[in-house]
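The structure appears below as structure tokens.
The values are calculated or read from the model by the stated rules, or taken from the named source; none is laboratory data. Because the structure is predicted, anything quoted here is derived from the model rather than measured. Cβ: placed from backbone, ideal geometry, glycine included. Neighbour counts: every protein chain shown.
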Amino acid sequence: MSTLTEAPPPLRPAATERKAPRSRGRWTPYWLLLPGILWLVVFFALPMIYQASTSVQTGSLEEGYKVTWHFATYWDALGEYWPQFLRSVFYAAAATVLCLLLGYPLAYLIAFRAGRWRNLIMILVIAPFFTSFLIRTLAWKTILADNGPVVGALNSLHLLDVTSWLGWTAGDRVLATPLAVVCGLTYNFLPFMILPLYTSLERIDGRLHEAAGDLYAKPFTTFRKVTFPLSMPGVVSGTLLTFIPATGDYVNAELLGSTDTRMIGNVIQTQFLRILDYPTAAALSFILMAAILFMVTFYIRRSGTEDLV
Amino acid sequence: MPFVNWLRRRLVVIAGLLTLGYLLLPNVIVTVFSFNKPNGRFNYAWQQFSTDAWKDPCGVAGMCGSLSLSLRIAVWATVGATVLGAMIAFALVRYRFRARGAVNSLIFLPMAMPEVVMAASLLTLFLNMGAQLGFWTILIAHIMFCLSFVVTAVKARVMSMDPRLEEAARDLYAGPVQTFVRVTLPIAAPGIAAGALLSFALSFDDFIITNFNAGSTVTFPMFVWGSAQRGTPVQINVIGTAMFLIAVLFVLASMAVGNRRNRQKA
Amino acid sequence: MNTTDSSGDVRLVGIGKTYGSFTAVHPLDLTVPQGSFFALLGASGCGKTTTLRMIAGLEEPTSGSVHLGEQEVTRLPPYKRPVNTVFQSYALFPHLDIFENVAFGLRRRGIRSVKKQVEEMLDLVQLGEQARKKPHQLSGGQQQRVAVARALINHPKVLLLDEPLGALDLKLRRQMQLELKRIQTEVGITFIHVTHDQEEAMTMADTVAVMDAGRVEQLGPPTELYENPRTTFVANFLGTSNLIEAEVDTRGGGDIVLDAGGGKLVLPEARCSASARTGDKVLVGIRPEKISLTHVDDAGEIPEGRNRVTGTIADASFIGVSTQYVVDSAVCPEFAVYVQNVERDGRLVPGADVVLHWSPAHTFGLDAAQSLLAGTTGSAGVESVEEEAA
């Protein structure tokens, strides 16, 4: 007992030391959150409300706009621009599927087969990000040019006839056709597919592949039954990261397409910046947002992967 | 048959490398065409070899001005988004508070929204407020869309950190501030750096949101966009090539430093 | 059990593996008879896991061949071999439930109705209730049993176990050792078990191969390895041995007489693995528990014909079932002696002069050219090395 009472006193009274950070910490999270959240509320959430209100206004630039709950703008906008909506979804879906087909082997290669080349390939996947994507998209004009190598190769294989018949290309051209736009979309959003795929593939324990092989699964069966199901989180977030921006994109349609390949982004941009028909533009933008949120929620429910980001 | 077998075993590798080629092809074209001497206004077809553009990269009216404007905006957007984003990330991981779900959705939504929607709605706000479009509206927009990416990057890092490290620091007489500065911040640093780097790249390269909210101000991507209509100077390719090379060298250098540090530790 | 059937024999012929300039496994020959429980024992990095993986087909040997019964399988990929593995830390498929994990191999071989077999197998490992749970919902011991069930359901000719109990705590490990032994007896399949735990190998296996630095040091039943080790590595890795440097004096009548520090020691010729011509150096070994300890005052009572060494007790520790002494003697500075606590002699305390004596039949002789200390880290030391490597 005597040794206990003779023990040196604690450096500071234990009770207050314990309590102090907690009472001080009670408001800390709110102070930490305040500036950033305020920024998002004012410059992200509030604009959405403004946009919603703009979409039901009527008036003109000269006389000003007033909220008149004019929902007809929505019907008019949909009635006039539904082909662009459909086209956007179709192009974005095609680009997403292509991204998955092209990106999966590369992500698989980096995760399992690259060995000491892994870092170099990773750098090569990311590095193009640092060259302005507009410059890189313009390079596709050279690659797909009318007398360029791609058109030449497709022509000599008579594949252009097939793609023309399918409506993907027109005549002897690839540029200014749906094929060129989808090709550009695929190219632009491919890294957004590869990176999440790689992340989820890299997490898979290599012994699971060995275990599958040991249990009579051939390499392709191993892929189908083990590797692919385990990479589902990457597939889901990769397809979302590709599909969402691709749907709203108007750069590829503008630079690589023609008036026949205009997507909904092009329409919104023209309405907003050139025609200055703000209600129609706001309504279109609102419809696009709602459509994407609807499709994404449905998709996430179906794929059963709730923990994405 | 041996060849077929050989091919089958390397099918994934071959397909992956083809994709890599697809990804890098435009960069090759950009580089090659930076040595072109085009006939006319557009630099889309190969004419003859020339180093003129490399000798005079700023020889195009307005291009280098737009480049420096883009760099300035990217730096300030990175600083702003990184500070605000890191604060949110720490609050999310280390504290309990009300409305957590709402905060999480507010972070997630900007990343799940097509850029054109954010661009258009932000412009509506600025028009309603009667704001002067230009440097400041661009900066505000860039901080807004970079914020979520910083939060995600920092959050991932701080979440993987052992909370007992902070408890150990407090046990060893470090106060809350000292614990944060000496333990939490150094460990979170790679996440913060990743978020900052991503912000810089996103801001520097952004076109859609900038195009809506820039007014008559011209950033580098907007200059490229405009030149696609008026005529593409070779100097654009010079800048594109230089950026690619700088990025690759920067990454290689940071990897070399990291390797040496690891070796010293071992 | 059918022991005359040889279709489950595993034969390794000159099998070896090198990685660049590093030799993981030196070419070795090994036959594991059908129905036996065979253990590959050694410290981490000794080549035991590489050997196992070559049998499974997960690693391609640089030389030699692998045979299962009459069939050569050296170049067959794992999914074509009638061999299954229980992986280290199990490698259960996290996206499949227990039932589907166990059914995986059957489904791959195109078997349609798997329900009955899987249920029987889950009952065998006492997991019938857990069929619809995911692997991460089970405890370590349960996961281990799923891994065994998933492999066994395929009725492989050989079951390979790669440190299957390494992730379990001590008590559970003992329990699972008995469980695995029971299952092996019940199904009669050849088991090849890789472990660094000598006690585990000795409790479970009929035959143990001790490996070191890519070579098999010695192969035999556990008792033989323990009672008559052939190398200093085996003598020290399995339990503890006292090793004395001695010189051959004379030989005859099936015995070798050795000269050690002036005293004479007798060693049966059959128990000496080294060449023993007169004048040769030999290491004489004796296990601590084979030695009797007598106070020097009672030295006259020691029967004739026993090997004797005199010394002084340096340290004594009471363990419960036994007392462990360290005796300082002229021939060996730290003689370990374990004495059962039947009748304790109060005079045997540190400082007391004693005579150590044992039957020559328990003595073994080793080649003196080897390191005295090979394998001395013992199983405890080896385990910590293993953890560092992981």
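Structure summary
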quantity: Residues satisfying the stated conditions in region B:124-152, i.e. more than 7 Å from chain A (Cβ to nearest Cβ), within 14 Å of residue A:51 (Cβ to Cβ) and crowded, with 19+ Cβ neighbours inside 10 Å; calculated: B:126
quantity: Selected residue (only one of A:173, A:116 is over 20 Å from the mean Cα position of the chain (by Cα) and either among the hydrophobic types (A, V, I, L, M, F, W, C) or closer than 30 Å to residue A:204 by Cβ (or both)); calculated: A:116
quantity: Residue check, residue B:222 more than 8 Å from every other protein chain (Cβ to nearest Cβ), out of contact with any Ser or Thr (no Cβ under 6 Å at 6 or more places or on another chain) and within 30 Å of residue A:48 (Cβ to Cβ); calculated: yes
quantity: Failed item in (1) under 27 Å from the mean Cα position of the chain (by Cα); (2) within 8 Å of chain A (Cβ to nearest Cβ); (3) in a loop (DSSP other than H, G, I, E, B), with residue C:94 passing the rest; calculated: (1)
quantity: Single residue of region A:213-256 satisfying the filter (within 11 Å of chain B (Cβ to nearest Cβ), more than 26 Å from residue A:196 (Cα to Cα) and among the hydrophobic types (A, V, I, L, M, F, W, C)) that is surrounded by the most Cβ atoms within 10 Å (Cβ to Cβ); calculated: A:256
quantity: All positions within region B:136-177 that are assigned to a helix (DSSP H, G or I) and over 30 Å from residue B:75 (Cβ atoms); calculated: B:163, B:164, B:165, B:166, B:167, B:168, B:169, B:170, B:171, B:176
quantity: Inter-residue pairs, beta-carbon under 7 Å, first at positive phi and in region C:351-377, second crowded, with 17+ Cβ neighbours inside 10 Å and polar (S, T, N, Q), 6+ apart; calculated: C:375/C:232; C:375/C:236
quantity: Count - residues of region C:317-332 that are under 29 Å from the mean Cα position of the chain (by Cα), surrounded by 13 or more Cβ atoms within 10 Å (Cβ to Cβ) and assigned to a strand (DSSP E or B); calculated: 6
quantity: Hey, residue C:147 of a type in the set (A, V, I, L, M), at the interface with chain A (Cβ under 9 Å from one of its Cβ atoms) and assigned to a helix (DSSP H, G or I) or not; calculated: yes
quantity: Enumeration of residues in region B:94-123 that are buried (at least 18 other Cβ atoms within 10 Å of the Cβ) and more than 19 Å from residue A:249 (Cα to Cα); calculated: B:94, B:103, B:106, B:107
quantity: Residue within region C:276-283 that is surrounded by 15 or more Cβ atoms within 10 Å (Cβ to Cβ) and in a strand (DSSP E or B) present; calculated: yes
quantity: Residue B:151 closer than 30 Å to residue B:105 by Cβ and in contact (Cβ under 8 Å) with a residue 60 or more places away in the chain; calculated: yes
quantity: Those residues of region A:257-268 which are surrounded by fewer than 24 Cβ atoms within 10 Å (Cβ to Cβ) and in a helix (DSSP H, G or I), in sequence order; calculated: A:259, A:260, A:261, A:266
quantity: Single match in A:154, A:190, A:134 (criterion: touching a helix residue (DSSP H, G or I) at 6+ places or on another chain (Cβ under 6 Å), more than 11 Å from chain B (Cβ to nearest Cβ) and either assigned to a helix (DSSP H, G or I) or over 22 Å from residue B:13 (Cβ atoms) (or both)); calculated: A:154
quantity: Output for region C:74-86, where each listed residue is part of a strand (DSSP E or B) and either hydroxyl-bearing (Ser, Thr, Tyr) or modelled with pLDDT under 90 (or both); calculated: C:85
quantity: Condition check for residue B:53: crowded, with 23+ Cβ neighbours inside 10 Å and more than 24 Å from residue A:28 (Cβ to Cβ); calculated: yes
quantity: Test: residue in region A:257-267 that is polar (S, T, N, Q), at the interface with another protein chain (Cβ under 8 Å from one of its Cβ atoms) and within 17 Å of residue A:92 (Cα to Cα); calculated: no
quantity: Members of region B:227-260 that are within 9 Å of chain A (Cβ to nearest Cβ) and under 18 Å from residue B:194 (Cβ atoms); calculated: B:247, B:248, B:250, B:251, B:252, B:255
quantity: Residue A:273 more than 22 Å from residue A:182 (Cα to Cα) and in a helix (DSSP H, G or I); calculated: yes
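So that you can scan it fast, the table gives a plain yes or no per residue for (1) within 26 Å of residue B:224 (Cβ to Cβ); (2) part of a loop (DSSP other than H, G, I, E, B); (3) at pLDDT 90 or above; (4) touching a strand residue (DSSP E or B) at 6+ places or on another chain (Cβ under 8 Å):
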position: B:45; (1), (2), (3), (4): yes, yes, no, no
position: B:58; (1), (2), (3), (4): yes, yes, no, no
position: B:66; (1), (2), (3), (4): yes, no, yes, no
position: B:69; (1), (2), (3), (4): yes, no, yes, no
position: B:80; (1), (2), (3), (4): yes, no, yes, no
position: B:84; (1), (2), (3), (4): no, no, yes, no
position: B:87; (1), (2), (3), (4): no, no, yes, no
